[in-house]
1. Kindly provide the set of residues from region 288-317 that are exposed (fewer than 14 other Cβ atoms within 10 Å of the Cβ) and under 24 Å from Y30 (Cβ atoms), ordered by number.
2. Give the number of residues within region 82-130 that are outside any helix (DSSP H, G or I), free of Cβ contacts under 8 Å to residues at least 60 places away in the same chain and open to solvent by 50 Å² or more (accessible area, probe 1.4 Å).
3. Would region 267-283 turn up any residue that is hydrophobic (A, V, I, L, M, F, W, C) and closer than 16 Å to H206 by Cβ?
4. Out of the residues in region 277-287 that are over 26 Å from G227 (Cα atoms) and in contact with a strand residue (DSSP E or B) (Cβ under 9 Å, 6 or more places away or on another chain), state the one that is surrounded by the most Cβ atoms within 10 Å (Cβ to Cβ).
5. So which residues in region 190-223 are touching a Leu at 6+ places or on another chain (Cβ under 9 Å) and open to solvent by 40 Å² or more (accessible area, probe 1.4 Å), if there are any at all?
6. Identify, from the list S113, S118, S90, S75, the residue that is of a type in the set (S, T, Y) and more than 20 Å from the chain's Cα centre (by Cα).
7. Can you confirm whether V250 is of a type outside the set (S, T, Y), open to solvent by less than 30 Å² (accessible area, probe 1.4 Å) and under 28 Å from N82 (Cα atoms)?
8. How about region 291-303: which of its residues are in contact with a strand residue (DSSP E or B) (Cβ under 9 Å, 6 or more places away or on another chain) and modelled with pLDDT of 95 or more?
Amino acid sequence: MNNWHSFLHQQGAIFPEQSRLSFNEKPGDYPKLLEQNTITPLIHLGALSLNGTDAVRFLQGQVTCDVEQLSAEHSLIGARCNPKGRALTSFRLVHVSDDHLLMIMDSSLIQSSIDDLSKFAAFFKVQLTNASKQYQCIGLTGQHSTLDTTTLAAKNIITCQISDGRQLLVMQEDQAETLWLPLAEQSTPVGTEFWILQNIKAGIAHIQRETAAMFIPQMLNLQAIDGISFKKGCYTGQEVVARMKYLGKVKRRMYRIAVTGNKLPAPGASCQLPNKEQSIGNVVTATNANEGLQESLVVLTDEAAQSEALIIGTEHHKKVDLLPLPYEI
């Protein structure tokens, strides 16, 4: 347990898993929490640091988003793909300085990303490091009237505005405790799963180790949230991604669904139609939305998305509710 985790434990956090925490809230509390200011330590996220004069130019050839659009005021969502166009990781890219970028992603994918990118980084003036111990992330929901982004920026605390009104704060670890205390006074501390629920409602995919290389970016609706640039130059997997847009039709895409049950499907769990053995999709992310109610982002065929029943993992769900997403596909 590092210093940040020890501090959070003193603030009432419990750690059911190494990369998950809660403040003893229950799924039945979530509907009321949706109406409150909340604060979440995002310990499931890690930071990959790209430092050097070629950081932007290097990353531009590796990811789906247009890195040249990144600024101190504007973070980017994107994916890094393999040559077959499959997303190896999703991320939020933030600007520390013109020569220093951070890719915020699932902590389980940091080292594999460094290993892959290092094969190309040797030709650029850029250094790749796992900065997950140096930087921490805090997520905010609701109306934080005392949050002065100008003051935070002066302290080198990065504020990322999320499309649904949430805020992601990225800061060096020695600043995290100082920032937490005043924010927690005006917010309800909540755990990882509640933040994941907000991502599901916002239709924002989160790739984990189990789902790496499983989905083409358009399957994750990244084109609908400015996560894919079709005007920038080449990048790894770009030919497949472009062909999907201009020549083909995406046969599977991400939907938001709700089912009843208490056993959550694992990331990447296969989906089937009843009485059929063929897989028609996979789970991206799933979490509880209320007592006995689950919400999931699931990549499905159009036919499967219209079905009232699905087998998800090992669970047979006789009633599947298709929920709206906050964007057009």
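The values are calculated or read from the model by the stated rules, or taken from the named source; none is laboratory data. Nothing here was measured: the structure is a model prediction, and the numbers come from that model. Glycine also receives a Cβ, built like all others from the backbone with ideal geometry; neighbour counts cover every protein chain displayed. Side chains are part of the model used for accessible areas, which takes the heavy atoms of the whole protein and leaves out ligands, DNA and RNA. Shrake-Rupley method; radii C 1.70, N 1.55, O 1.52, S 1.80 Å.
1. E291, G292
2. Step one: filter region 82-130 for residues outside any helix (DSSP H, G or I), giving 82-106, 122-130.
This time we only want the ones that are free of Cβ contacts under 8 Å to residues at least 60 places away in the same chain, so: 91, 93, 97-101, 103, 122-123.
The next check asks that each one be open to solvent by 50 Å² or more (accessible area, probe 1.4 Å); those that pass are 98-99, 122-123.
Residues in region 82-130 being outside any helix (DSSP H, G or I), free of Cβ contacts under 8 Å to residues at least 60 places away in the same chain and open to solvent by 50 Å² or more (accessible area, probe 1.4 Å): 4 in total.
3. Scanning region 267-283 turns up at least one residue that is hydrophobic (A, V, I, L, M, F, W, C) and closer than 16 Å to H206 by Cβ.
4. S279
5. K201, R209, A213
6. Just a single option satisfies the conditions, and that option is S118.
7. Against the criterion (of a type outside the set (S, T, Y), open to solvent by less than 30 Å² (accessible area, probe 1.4 Å) and under 28 Å from N82 (Cα atoms)), V250 does not qualify.
8. Filtering region 291-303 for residues in contact with a strand residue (DSSP E or B) (Cβ under 9 Å, 6 or more places away or on another chain) gives 292-303.
Within region 291-303, G292, L293, Q294, E295, S296, L297, V298, V299, L300, T301 meet the criteria.
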